[in-house]
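All remarks here apply to the structure that follows.
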Amino acid sequence: MLITRLKRTPFLMLCVITMCVASTGFVGNTTQLSDPQIESAIKERLSGDSRIDAKNIQAKVDRGVVTLSGTVPTLVDKALAEASVSGTMVGIRNVNNDITVVRPVLKDEEIRLAIEAALRSVPAPQRARSTR
């Protein structure tokens, strides 16, 4: 009986330590975060994601429903903003993505330089030599 108990002791200690470590960082009831707490977490998540330029993205939370608004330069940025928030944070019931995609305006000179660079990157076709 004593040997069985001693064998279980390391397992129980491991379980207790795992539970303590896993709960570190969570204070209070994590299933009922307030709207300001959720909003703060969203802003932190968006600003910490290097793939997204979040300076023009706003987030509002009303009873767990998040509304993202603002502007981004590409559809990819819009999708990334929504994906980084939806389904991954405690307390969020729904995400409305009202972000507008506004492509940057290119000047004629920038377009000309981009076209020239693209043309230079493609090798010129060679004429087939006649075998006659």
Worksheet item: Among the residues of region 61-78, is any modelled with pLDDT of 90 or more, assigned to a helix (DSSP H, G or I), surrounded by 13 or more Cβ atoms within 10 Å (Cβ to Cβ) and within 14 Å of the chain's Cα centre (by Cα)?
Response: yes
Worksheet, complete the sentence: Among the residues of region 94-128, the number that are surrounded by 10 or more Cβ atoms within 10 Å (Cβ to Cβ), of a type outside the set (A, V, I, L, M, F, W, C), at pLDDT 90 or above and over 14 Å from residue 46 (Cα atoms) is 6
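The values are calculated or read from the model by the stated rules, or taken from the named source; none is laboratory data. All values derive from a computational prediction rather than experimental measurement. Counting neighbours? That spans all protein chains shown, and the Cβs are built from the backbone with ideal geometry, glycine included.
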